[in-house]
1. Checking the condition within 16 Å of C7 (Cβ to Cβ), more than 13 Å from the chain's Cα centre (by Cα) and among the aromatic types (F, W, Y), which residue from F19, F49, F37, F59 passes?
2. Could you run through the stretch 23-33 and say how many residues are crowded, with 18+ Cβ neighbours inside 10 Å and part of a helix (DSSP H, G or I)?
3. State which residue is nearest to F14 (Cα to Cα) when the search covers only the stretch 40-57 and only residues that are at pLDDT 90 or above and either open to solvent by 60 Å² or more (accessible area, probe 1.4 Å) or assigned to a loop (DSSP other than H, G, I, E, B) (or both).
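The values are calculated or read from the model by the stated rules, or taken from the named source; none is laboratory data. What you see is a predicted model; the values in this text were computed from it and never measured. Don't worry about glycine lacking a Cβ; one is built from the backbone with ideal geometry, like all the others, and counts go over all protein chains shown. Just the protein is used for accessible areas: all its heavy atoms, side chains included, with ligands, DNA and RNA removed. Shrake-Rupley method; radii C 1.70, N 1.55, O 1.52, S 1.80 Å.
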Amino acid sequence: VKGHSVCFLWALLFGPLYFVFVGSWKHALISFIAFGFTAGVSCLIYPFFAAGIVQNSYFDRGWIQVD
């Protein structure tokens with residue numbers, strides 16, 4: 001995924017709001033719930049998976065990757 005570090009940074013800074021912005025509502029909700037249960041620790045782990053989550057979210061909506 002191009003911009004992998006950018007996805008990481010935005011997810012780290014904005015947490016669930018980043019996933020709302022890119023339209024991945026399921027992961028926005030999961031991230032928000034995990035934030036509550038882990039007292040914020042999940043916001044340090046979830047960004048490592050952000051690029052893959054966003055990519056799969058787009059693929060699920062029918063987008064194709066152009067190299």
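1. When all the criteria are applied, what remains is F59.
2. Initial filter on the stretch 23-33 (crowded, with 18+ Cβ neighbours inside 10 Å): 24, 27-28, 31.
With part of a helix (DSSP H, G or I) added as a condition, the list becomes 27-28, 31.
Selection size over the stretch 23-33: 3.
3. Among those residues, the one meeting the criterion is L44.
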